[in-house]
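**Student:** Quick one: structure below, then a few questions.
A short reminder: the numbers here are calculations on the coordinates, not readings from a lab. Only a predicted model underlies this, so the values are computations on that prediction, with no experimental measurement involved. Note that each Cβ is placed from the backbone with ideal geometry, even for glycine, and that neighbours are counted across all protein chains shown.
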Amino acid sequence: MNKYSFVARMPDEPGALHRAAEIVKSYSGNIIRVQYDRRIDPATVFFEVTATQETYCRMKEDLHAIGYLKESQPTLGFLKFSVYLPPQPGSLFELLTYITGAGANIAYIDFDDQRCSCSGRVTISLNIEETAAVEDLLDRLKSRYRLEILEYDTTGEKLDDTVFYVRFAQAVRGLIGTTKDEFLLSLLQDVNHIVQELNSRGQDPREVFEWILLTGRTLRDTTGERFYADVQRIPISDSVEIFCFQMPGGGNIFLLRAPDETVMIDTGYGIYHEDAVRMFQHYGLGDLTRINRIYITHADADHCGAAGFFDATAYTHTGSREIIRRANRAYGSRSESSILEEVYTTIINLFSHFTPPENPELFPAEALGTRSIFPILGRFAVEDVEFEVLESLGGHMHGQVYLFSPKHGIVFTADTLINFGSLDEGRKRYNSLADLLVTSVNVDSDCARQERKALLELIRKHDEDRAPADRRCLVACGHGAVSVLADGKLKAVGPVERYRASEKRGS
């Protein structure tokens, strides 16, 4: 028995759902998930069933025969217009005949011939497929009636709630480009599942749909001319300088510039790659051939999602490689079976143009020793700065690592330590969307707290052991400014410069 899913488009009438369930039952299928909410869409039902491949095909055939099986995702337009009917019997019938012939679905109609100010005026809204039938209908109406076009929209934003999932799919199309119906229907299944789960926890379904779209829109709307970043550049030795680029959404990109090479730590989202390269050029880092090593702290899309664009060797944990392969950020954790984590991974990878490294080099599995509570998996150097690769306990996600240089006093903490106070309001709002959609970005919150405590203690001990005149340990957070620990809080170091793509191109 295998698990299958399908989307049903059923009439809003008594017994329709029962009829679909009867077909599934007749082929010994077992319904393991069903979701329908007429407040969202009065005709769309999502099913997951277990069945053999043969019986699943047969039940689909029966559902198709009665018109219940949704096999395509049409692109609909919205048309609102008024016509003035002649005062004669059958005039409204004649108008409706034209509309029916165009294959349009009436979403709204308003007509009252007793209104003195607009006698004979009929206002109609239509949901109609974007075909030549739209123009043909308008030509016919113009030749027969006085016609006023009130609204014509092809984005799906004006569609009414009777076709909610069509409207949502069109909004997704606008974010990711044209895609096949089969893919969109599968995505709708996934999105519906996350909405169903969050609804069971008290969230408004419409808010959940909006959070999903807002995630994609935020990424799209912070590229190109609207791209910006906050930038720090700090010397960490006589020959190595670190650049921290805080991206508009998601995690930081770090570049360590040495005399003979540039080393990258985390890559940002794939959707920002071209903008990031232009920014690197502005800061004299545009020779990408110098970047021959990329160290990835963990497998979230905002930390490794652009690695595949670079002709460089990527290094990461075996757990991160498996998360990338399985497309489930909760893999290897106690939250692995969470539908929220799995679907969120699908959504964010899609919206962010996820392009991870294809064949990364893996850190060794056997520890060389320990640093605090963290196993040391390996060491590497950038010129004269040597780093230890510390394995996390898996609080934020399985396979996350930290990079620590005891001698030069800098630690890359991935998403275990974040300077939230240094984030602007746009970044705070964007980061909150992930929390809303998965309820917590940490796959094991108790473990994450333990990691934070241990890292903070590691940083405090480093600062205490160094001579007072020496620099405090630099904390290169996964999000927010490079900071130091002062009075128990993270405080940004040095000047932070705002880079704006629109200003740089204009200059």
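**Student:** Convert each backbone phi in the range 215-229 into a coupling constant with the Karplus relation 6.51 cos²θ - 1.76 cosθ + 1.60 (shift: θ = phi - 60°), then list the ³J(HN,Hα) values in order as whole Hz, x for Gly and Pro.
**Tutor:** My calculation for the range 215-229 gives 4, x, 5, 4, 5, 4, 7, 10, 10, x, 5, 9, 6, 8, 7 Hz in order.
**Student:** Filter the GluC sites (Glu not before Pro) in the range 316-363 to those in DSSP coil with at most 16 other Cβ atoms within 10 Å of their Cβ, and list the result.
**Tutor:** Sites meeting the loop and neighbour criteria: Glu336, Glu358.
**Student:** Classify the range 1-47 as rounded, prolate or oblate from the Cα gyration tensor: take a ≥ b ≥ c as the square roots of its eigenvalues, call it rounded if a/c is under 1.5, otherwise prolate when a/b beats b/c and oblate if not.
**Tutor:** Taking the square roots of the gyration eigenvalues as a ≥ b ≥ c, the range 1-47 is oblate.
**Student:** Additional query: What list do you get for Phe374, Phe111 if you sort them by fewest beta carbons within 10 Å?
**Tutor:** If I rank by nearby Cβ atoms, fewest first, I get Phe111, Phe374.
**Student:** Sum up the charges of everything whose Cβ sits under 14 Å from the Cβ of Arg257, counting Lys and Arg as +1 and Asp and Glu as -1, but leave Arg257 out.
**Tutor:** Net local charge, Arg257 excluded: -4.
**Student:** Say the dipole of the chain comes from +1 at the beta carbon of Lys and Arg and -1 at that of Asp and Glu; which of Ile40, Gly216, Leu485 then lies farthest toward its positive end?
**Tutor:** Leu485
**Student:** Would you give the gap between the C-alpha center of the range 397-421 and the C-alpha center of the range 285-347, rounded to a whole Å?
**Tutor:** One Cα centre to the other: 16 Å.
**Student:** Continuing with the same structure: Once you place label points 7 Å from the Cα toward the Cβ at Ala367 and Thr313, how far apart are they in nm?
**Tutor:** Here the modelled spin labels are 2.6 nm apart.
**Student:** In nm, to one decimal, how far is the modelled label at Tyr108 from the one at Ile66, with both set 7 Å along Cα→Cβ?
**Tutor:** So the two model labels end up 3.4 nm from each other.
**Student:** Using a basic spin-label model with each label point 7 Å from the Cα along Cα→Cβ, how many nm lie between Asp153 and Met1?
**Tutor:** Here the modelled spin labels are 4.5 nm apart.
**Student:** Separate question: Straight-line reach only, C-alpha to C-alpha below 17 angstrom: list the aspartates and glutamates that Lys461 could link to, leaving out same-chain residues fewer than 8 apart.
**Tutor:** Lys461 reaches Glu388, Glu451, Asp470, Asp487.
**Student:** OK, next. What 222 nm value per residue comes from the helices of the chain, counting each DSSP H run with n ≥ 4 as -39,500 (n - 2.57) and dividing by all residues, nearest 500 deg cm²/dmol?
**Tutor:** The helix contribution divided over the chain gives -11000 deg cm²/dmol.
**Student:** Now a separate question. Taking the dipole about the Cα centre of the chain, with the C-beta of Lys and Arg at +1 and of Asp and Glu at -1, give me whichever of Ile323, Leu403, Ala365 is farthest to the positive side.
**Tutor:** Leu403
**Student:** Same structure again: Relative to the present Cα-Cα distance, how much length would full extension add between Cys57 and Ser239 at 0.36 nm per residue of separation?
**Tutor:** Using 0.36 nm per residue and subtracting the Cα-Cα distance, I get 59.0 nm.
**Student:** Can I ask one more? Just to be sure I follow the definition: excluding the sites themselves, where is the longest run in the chain that has none of the trypsin sites (Lys or Arg not before Pro) in a DSSP loop with at most 14 other Cβ atoms within 10 Å?
**Tutor:** Maximal segment without exposed cleavage sites: 202-333.
**Student:** Show me the chymotrypsin sites (Phe, Trp or Tyr not before Pro) within the range 226-280 that DSSP assigns to loop and that have at most 12 other Cβ atoms within 10 Å of their Cβ.
**Tutor:** none
**Student:** Can you tell me the alpha carbon radius of gyration of the chain divided by the globular rule-of-thumb value 2.2 N^0.38 Å?
**Tutor:** So the chain has a normalised radius of gyration of 1.20.
**Student:** Taking K and R as +1 and D and E as -1, what net charge do the other residues with C-beta under 13 Å from the C-beta of Tyr27 add up to?
**Tutor:** -1
**Student:** Under the Karplus relation 6.51 cos²θ - 1.76 cosθ + 1.60, θ = phi - 60°, what is the ordered set of whole-Hz ³J(HN,Hα) values for the range 288-303, x standing for Gly and Pro?
**Tutor:** 5, 5, 6, 8, 10, 9, 10, 9, 9, 6, 6, 8, 5, 4, 7, 10
**Student:** Taking the Cα centre of the range 257-402 as origin, sum charge times position over the Cβ atoms of Lys and Arg (+1) and Asp and Glu (-1), and report the length of that vector in debye to the nearest 20.
**Tutor:** 280 debye
**Student:** Could I ask something else about it? Roughly how big is the chain's charge dipole about its Cα centre, with Cβ charges of +1 (Lys, Arg) and -1 (Asp, Glu), in debye to the nearest 20?
**Tutor:** Value, rounded to 20: 500 debye.
**Student:** On a C-alpha basis, how far is the centre of the range 168-234 from the centre of the range 3-65 in Å? Whole number, if you could?
**Tutor:** What the calculation gives is 26 Å, centre to centre.
**Student:** Here is a further query. In debye to the nearest 20, how big a dipole does the range 76-153 give about its Cα centre with +1 on each Lys and Arg Cβ and -1 on each Asp and Glu Cβ?
**Tutor:** Here the size comes out at about 320 debye.
**Student:** Could you tell me the calculated FRET efficiency between Arg173 and Asp446, based on Cβ-Cβ distance and R0 = 45 angstrom, to the nearest 0.05?
**Tutor:** After rounding, the FRET efficiency stands at 0.65.
**Student:** Another one. Would you tally the net charge around Pro364, using a Cβ to Cβ cut-off of less than 12 Å, leaving Pro364 out, and scoring K and R as +1, D and E as -1?
**Tutor:** Net of charged neighbours comes to -2.
**Student:** Still on this structure, please answer the following. Please provide three numbers in whole Å: the alpha-carbon extents of the range 76-153 along the principal axes, with the largest listed first.
**Tutor:** So the three principal-axis extents are 35, 19, 18 Å.
**Student:** Name the lysines eligible as straight-distance cross-link partners of Lys428: C-alpha to C-alpha under 28 Å, and not fewer than 8 places from it in the same chain.
**Tutor:** Lys453, Lys489, Lys491, Lys504
**Student:** Right, here's the next one. How would you rank His18, His298, going from fewest to most other Cβ atoms within 10 Å of each one's own Cβ?
**Tutor:** Taking fewest neighbouring Cβ atoms as first place, the list is His18, His298.
**Student:** Let me ask something else. Remind me, relative contact order of the chain in percent, using alpha carbon pairs under 8 angstrom and six or more residues apart?
**Tutor:** Relative contact order of the chain: 11 percent.
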